[in-house]
Amino acid sequence: MRNYELEEQLEEQWKAAELSSLRLLKKRKDLATQGAIGNPQKRSRKGSSGNPSFEEPSLVRSKDFYLPDGDIVVIVDNVKFRLRLAHFQARCRFFAREWTLSSDEKNEEDERQDSMIEERSDDLEAASPDAGKGETEDGTPFQRLVGLNATEFTEFLRALEKPSLPRNPPDQNVALSLVRAAQLLGCSTVLDEGKRQLRELWPTTLPVGPQRGMYGSFYHTLILISDARELGLTEPLKWAFYELIRNSTFWRLAESVGNGKHTMIPLSDADLLALYRARHHLQARWRELIIKPPGETARCPTGQCERRIYQERTALWWPRVLHGDYLKGGERDPICYFDTLKENLTRFGKEWCETCLAASFARWDVVKAQWWDDLDGLLRLRPPGRARNITTDLHSLARTL
């Protein structure tokens, strides 16, 4: 038996925790907008010669990246990184641009870097990480960077040094920091790795099997959407938006217009409108689909079902839809609930023969693929004119269901 009183208590505790997380996220975004977190706007202090000052008491050496044979010092926040300049000139457009790369040091990587980063070239020029450069007392060149923090730059260096040893499983914050640093510095190797990790966390493929939320909380989902929008990423957004579509706590907060809670959700009006539209569309389609009993025809073609004619079959099916979890479960999670329903009918739906169940399962698989593909348009993720991923025949069949 379900303990409804305990469930209500847990739900209240969960909502309180979510509200606290949202307040922290809003504060984080507000500070980031002001340039207080990871985006320092102040120029570095200058010495009497007009060059940025290198010898500052607050500077500390990086524990992992202060190489004795390094020939350039990179300063991020208050951390000094001593690195090999040629290594970065060959892999990062920023260092190749700021520190001239001689012709004999260039290699085939150059063309690949330009093609991979071309789509973000405007941002690279507009948000240059250069905060000044100069030389130390012993003649070692140094470069100050802004636009990312020391932790993000450290993760960038780890990915650049050992791209074949990714984290398993990936960390969302690390993956986003890799993309951010790679875009600023113009490094396609790390950009590829960051996007790969995000695809592993937030895949674009059709969900298979009963799915639980990626993190169990929509706090990480909101961070992902906010940062992905900022970084110009579209691939992770589909799964992330669907996580919100099926999160009941998110909708209770989003619909709390009268008490100000909605102001803590860091989504644009356009994104919220798209989420409302997609959720309404999927729920309406689910109600249309689930009212039909298992089977391809009104009668059981084999005569092996417990109820063989249409009136008897609907009399058995509709009460389970209306009073069981079939209707509400699908309205909460329209796409992934298909597999839950198939699993339940396989185990407990003894009233239906294998032929009728197989026909419904095949039909539901087509509809599930259709609905997942439709999210691209409903959420405005598909560029104009882009072809659909499944065939026209499957779409035509799905629209008739």
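The values are calculated or read from the model by the stated rules, or taken from the named source; none is laboratory data. For clarity, every value in this text was computed on a predicted model and none was experimentally measured. Using ideal geometry, Cβ is built from the backbone for each residue, glycine included, and neighbour counts are taken over all protein chains shown. Calculation scope for accessible area: heavy atoms of the full protein, side chains included, ligands and nucleic acids excluded. Shrake-Rupley method; radii C 1.70, N 1.55, O 1.52, S 1.80 Å.
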Fill in the blank from the handout: Of the listed residues (Gln304, Gln311), the one being open to solvent by 10 Å² or more (accessible area, probe 1.4 Å) and outside any helix (DSSP H, G or I) is Gln304
Practice task
Please list, ordered by first then second residue, the pairs with beta carbon atoms under 8 Å, 6 or more apart or interchain, first in the range 66-85 and surrounded by fewer than 14 Cβ atoms within 10 Å (Cβ to Cβ), second of a type in the set (A, V, I, L, M, F, W, C) and in a loop (DSSP other than H, G, I, E, B).
Solution key: Asn78/Leu59; Arg84/Leu67
Exercise for the section: Could you pull out the residue among Leu275, Leu327 that is in a helix (DSSP H, G or I) and either modelled with pLDDT under 85 or farther than 18 Å from Arg363 by Cα (or both)? Expected result: Leu275
Handout entry: Flag for Ala90 being closer than 25 Å to Thr189 by Cβ, modelled with pLDDT of 90 or more and open to solvent by less than 20 Å² (accessible area, probe 1.4 Å)
Key = no
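Conditions (1) in contact with a Ser or Thr (Cβ under 6 Å, 6 or more places away or on another chain); (2) at pLDDT 90 or above; (3) within 30 Å of Glu235 (Cβ to Cβ), marked per residue:
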| site | (1), (2), (3) |
| --- | --- |
| Glu343 | no, no, yes |
| Thr346 | no, no, no |
| Gly349 | no, no, no |
| Thr355 | yes, yes, no |
| Ala359 | no, yes, no |
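Return the total of residues in the range 330-358 being aromatic (Phe, Trp, Tyr), assigned to a helix (DSSP H, G or I) and crowded, with 17+ Cβ neighbours inside 10 Å.
The first filter runs over the range 330-358 and keeps only residues aromatic (Phe, Trp, Tyr), leaving 337-338, 348, 352.
Filter once more, so that each one left must be assigned to a helix (DSSP H, G or I): 337-338, 348.
If we keep only those that are crowded, with 17+ Cβ neighbours inside 10 Å as well, we get 337-338.
Of the residues in that region, 2 qualify.
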Completion exercise
Val257 passes all but one of the listed conditions (1) at pLDDT below 75; (2) open to solvent by less than 40 Å² (accessible area, probe 1.4 Å); (3) not acidic (Asp, Glu); the exception is number (2)
Completion exercise
From the option list Ala270, Ala240, single residue qualifying as at pLDDT 90 or above and either more than 28 Å from Glu343 (Cβ to Cβ) or part of a helix (DSSP H, G or I) (or both) is Ala240
Problem - Filter result for Leu322 (hydrophobic (A, V, I, L, M, F, W, C) and more than 27 Å from Asp373 (Cβ to Cβ)) - result: yes
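Residues checked against (1) modelled with pLDDT under 90; (2) open to solvent by 20 Å² or more (accessible area, probe 1.4 Å); (3) in a helix (DSSP H, G or I); (4) among the β-branched types (Val, Ile, Thr):
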| position | (1), (2), (3), (4) |
| --- | --- |
| Arg285 | no, yes, yes, no |
| Leu322 | yes, yes, yes, no |
| Arg363 | no, no, yes, no |
| Lys368 | no, no, yes, no |
Completion exercise
Filtering the range 217-237 down to residues that are open to solvent by 20 Å² or more (accessible area, probe 1.4 Å) and in a loop (DSSP other than H, G, I, E, B) yields Ser217, Gly232, Thr234, Glu235
Exercise for the section: Tell me, yes or no, whether the range 131-152 has at least one residue that is at pLDDT below 80, outside any helix (DSSP H, G or I) and touching a Ser or Thr at 6+ places or on another chain (Cβ under 6 Å). Expected result: yes
